[in-house]
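Engineer: This is the structure I have questions about; it appears just below.
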Amino acid sequence: MSFDEDAADVYDDLARRGDEMETVPFLEQLARDGPALELGIGTGRIALRLAARGIRVDGIDFSSAMVAQLRAKPGGAEIAVTMGNFADVAVPGTYRLIYVVFNTLFNLLTQDEQVRCFENVAAHLTDDGSFVVEAFVPAFLHRLRDGQHVDAEAIEAGEVRLDVLRHDMATQMIEESHVSLSRAGVRLNPVVQRYAWPSELDLMARIARLRLKERWAGWNQELFTSTSSNVVSVFGR
Ligand SMILES: C[S@@+](CC[C@H](N)C(=O)[O-])C[C@H]1O[C@@H](n2cnc3c(N)ncnc32)[C@H](O)[C@@H]1O
């Protein structure tokens, strides 16, 4: 049910990060004249802004509902999107930049799938190319009471939005739903993720014969420390 039509309808309103202005220049300096490939391109939140700077951006996604949102936006029809599992990276040619942001790598639900993704990315990177992975640092999960939480994301007169999450440390899985309660009814926005620590990402890269080139706590190249909640990793040969 994740990223179905209901989720795609509200994605840009609910999931907007507000970090697009920092993300795009960071990716642009790595892409140089491109081309670039976004894994899990979704509604084009990042890809359209990068393409507007003159870089050819292709994408992969398996949700036709999310890609329909991309297509409906100015410039969305010109982006080449391959429909399928991004772990396959089933596209021709090589890219100077391949990127996967907003925890999307964790939508691959096993370690094997995530390693396979790294290996297939490596096969489609130019020799001087970069693979950028942006995701949360899982430290906060270890502070949850009974491995779960409910967070009031919004409380308004006509609507309450809750984030409901359960964590299984043994499998590194998170089951989560963004729940909206309003007079119109109950709306669920479920997402399941298999998270990885930064050190595990580095090992996946090594398996794929890539190495960590840069690591930051955010798109403005903030220092990555033991208290960072987000991590931007740049891998290359
Ligand atoms: C959290 S959204 C991120 C969308 C966009 N990258 C952004 O930053 O706004 C994750 C996207 O990845 C897609 N996705 C998740 N798992 C996928 C998979 N295994 N293969 C292809 N697409 C996938 C979903 O359909 C969704 O569009």
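The values are calculated or read from the model by the stated rules, or taken from the named source; none is laboratory data. All of these numbers come straight from a predicted model, not from anything done at the bench. Virtual Cβ from ideal backbone geometry, glycine too; neighbours counted across all protein chains shown.
Engineer: Hey, among the residues in segment 70-80 that are surrounded by fewer than 22 Cβ atoms within 10 Å (Cβ to Cβ) and of a type in the set (A, V, I, L, M), which one's farthest from the ligand (Cβ to nearest atom)? Full working, then the answer.
Structural biologist: Taking segment 70-80 as the starting set, the residues that turn out to be surrounded by fewer than 22 Cβ atoms within 10 Å (Cβ to Cβ) are 71-80.
Checking which are of a type in the set (A, V, I, L, M) leaves us with 72, 77, 79-80.
Values: Ala72: 14, Ala77: 17, Ile79: 12, Ala80: 15 Å.
Within segment 70-80, the match that is farthest from the ligand (Cβ to nearest atom) is Ala77.
Engineer: Can you work out which of the residues in segment 200-237 that are farther than 23 Å from Gly129 by Cβ and exposed (fewer than 14 other Cβ atoms within 10 Å of the Cβ) is nearest to the chain's Cα centre (by Cα)?
Structural biologist: Out of the qualifying residues, it is Ser229.
Engineer: Taking segment 12-41 as the search range and keeping residues that are within 22 Å of Pro92 (Cβ to Cβ) and among the small types (Gly, Ala, Ser), which one is nearest to the ligand (Cβ to nearest atom)? I'd like the intermediate steps shown before the answer.
Structural biologist: Residues of segment 12-41 within 22 Å of Pro92 (Cβ to Cβ): 27, 30-41.
So of that shortlist, the ones also among the small types (Gly, Ala, Ser) come out as 31, 34, 36, 40.
Numbers: Ala31: 15, Gly34: 17, Ala36: 12, Gly40: 3 Å.
My answer is Gly40.
Engineer: Can you go through Arg49, Arg53, Arg17 and tell me which one is surrounded by 15 or more Cβ atoms within 10 Å (Cβ to Cβ), of a type in the set (Lys, Arg) and more than 18 Å from Phe86 (Cβ to Cβ)? Break it down stepwise before answering.
Structural biologist: On the way: Arg53 fails: surrounded by 15 or more Cβ atoms within 10 Å (Cβ to Cβ); Arg17 fails: surrounded by 15 or more Cβ atoms within 10 Å (Cβ to Cβ).
Arg49 is the lone residue from the list that is surrounded by 15 or more Cβ atoms within 10 Å (Cβ to Cβ), of a type in the set (Lys, Arg) and more than 18 Å from Phe86 (Cβ to Cβ).
Engineer: Follow-up question, since we're still on this one. Which condition from (1) surrounded by 14 or more Cβ atoms within 10 Å (Cβ to Cβ); (2) touching a residue at least 40 places away in the same chain (Cβ under 8 Å); (3) under 17 Å from Lys213 (Cβ atoms) is the one that Asp127 breaks?
Structural biologist: It is condition (1) that Asp127 fails.
Engineer: Right, next: Given the residues Met83, Met66, which is the only one that is under 20 Å from Gly18 (Cβ atoms) and touching a helix residue (DSSP H, G or I) at 6+ places or on another chain (Cβ under 8 Å)? I'd like the intermediate steps shown before the answer.
Structural biologist: Numbers: Met83 fails: under 20 Å from Gly18 (Cβ atoms).
When all the criteria are applied, what remains is Met66.
Engineer: Given the criteria on the phi < 0 side of the Ramachandran plot and surrounded by 14 or more Cβ atoms within 10 Å (Cβ to Cβ), does Glu113 qualify?
Structural biologist: The answer is yes for Glu113.
Engineer: Evaluate segment 59-69: report whether one residue or more is more than 8 Å from the ligand (Cβ to nearest atom), in contact (Cβ under 8 Å) with a residue 24 or more places away in the chain and in a loop (DSSP other than H, G, I, E, B).
Structural biologist: no
Engineer: Of Asp33, Asp13, which residue is at pLDDT below 95, more than 30 Å from Ala154 (Cα to Cα) and of a type outside the set (Gly, Ala, Ser)?
Structural biologist: Working: Asp13 fails: more than 30 Å from Ala154 (Cα to Cα).
Result: Asp33 is the single residue among Asp33, Asp13 that is at pLDDT below 95, more than 30 Å from Ala154 (Cα to Cα) and of a type outside the set (Gly, Ala, Ser).
Engineer: Now, a different point. Name the residues in segment 1-56 that are of a type in the set (Ser, Thr, Tyr) and assigned to a loop (DSSP other than H, G, I, E, B), would you? Can you show your working first?
Structural biologist: Initially, segment 1-56 is screened for residues of a type in the set (Ser, Thr, Tyr), giving 2, 11, 23, 43.
Answer for segment 1-56, where residues must be of a type in the set (Ser, Thr, Tyr) and assigned to a loop (DSSP other than H, G, I, E, B): Ser2, Thr43.
Engineer: Follow-up. Considering only segment 49-57, I want to know if a residue exists there that is over 27 Å from Gln172 (Cα atoms), touching an Asp or Glu at 6+ places or on another chain (Cβ under 6 Å) and more than 12 Å from the ligand (Cβ to nearest atom).
Structural biologist: There is at least one residue in segment 49-57 that is over 27 Å from Gln172 (Cα atoms), touching an Asp or Glu at 6+ places or on another chain (Cβ under 6 Å) and more than 12 Å from the ligand (Cβ to nearest atom).
Engineer: Give the number of residues within segment 167-179 that are free of Cβ contacts under 8 Å to residues at least 24 places away in the same chain and surrounded by 15 or more Cβ atoms within 10 Å (Cβ to Cβ).
Structural biologist: So in segment 167-179, the residues free of Cβ contacts under 8 Å to residues at least 24 places away in the same chain come out as 168, 170-171, 175-177, 179.
Still in the running and surrounded by 15 or more Cβ atoms within 10 Å (Cβ to Cβ): 176-177, 179.
So the count comes out to 3.
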